[in-house]
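Structure, as structure tokens:
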Amino acid sequence: MTRSVHPQERSRWWERGIRPDYRFSLANERTFLAWIRTALALIAGATAVDQFASHLGPAHLRLALSLILFCAGGWLGAMAYTRWERAEQAMRHEADLPRSRLLPILSAFTAFLAVGLALLVMVG
């Protein structure tokens, strides 16, 4: 027995709901790009710690910090897309925008990073 599929079920998520005002979609895209810039900054920081901060602390601590920064940058880049997609879907269905789980995580990570860099400076 073949189940008939409603045309809307076959469509992609960006074809469902109503098309939001382009200004809101562009604002959502700018927010996405801001998250991507932050991810790239973390990756650049990881490279800087690894390549240009040889005077800061022991090599194993610099390596650990670099790896943490690389992973955080990659994770943030991936999460930026899911955040953009969730917001776009909410706008298309006239729903409340989803709460961002990234903000408290990024805030805590920044505090952790500041402590880690301070320790490297003090040890080095």
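The values are calculated or read from the model by the stated rules, or taken from the named source; none is laboratory data. Treat the numbers as computed from the prediction; the structure is a model and nothing was measured. Using ideal geometry, Cβ is built from the backbone for each residue, glycine included, and neighbour counts are taken over all protein chains shown. Ligands, DNA and RNA are excluded from the accessible area calculation, which covers all protein heavy atoms including side chains. Shrake-Rupley method; radii C 1.70, N 1.55, O 1.52, S 1.80 Å.
Could you grab me the full set of residues in the stretch 73-111 that are among the charged types (D, E, K, R) and within 18 Å of Thr31 (Cα to Cα)? Of everything in the stretch 73-111, those that are among the charged types (D, E, K, R) and within 18 Å of Thr31 (Cα to Cα) turn out to be Arg83, Glu85, Arg86, Glu88, Arg92, Asp96, Arg99, Arg101.
Scan (1) over 19 Å from Ala27 (Cα atoms); (2) modelled with pLDDT of 90 or more; (3) open to solvent by less than 80 Å² (accessible area, probe 1.4 Å) for the single condition Phe70 breaks and write down its number. The one condition Phe70 does not meet is (3). Helices (runs of 4 or more DSSP H) fully within the stretch 6-100 that include at least 3 residues being within 21 Å of the chain's Cα centre (by Cα): 22-52, 59-92. Within the stretch 102-124, residues that are over 10 Å from Leu61 (Cβ atoms) sit with their Cβ atoms under 7 Å from residues that are open to solvent by 60 Å² or more (accessible area, probe 1.4 Å) and at pLDDT 85 or above, at 6+ positions apart or across chains, in these pairs: Leu102/Arg83.
Within the stretch 26-67, being closer than 18 Å to Gly116 by Cα, open to solvent by 60 Å² or more (accessible area, probe 1.4 Å) and in contact (Cβ under 8 Å) with a residue 40 or more places away in the chain holds for His55, Leu61.
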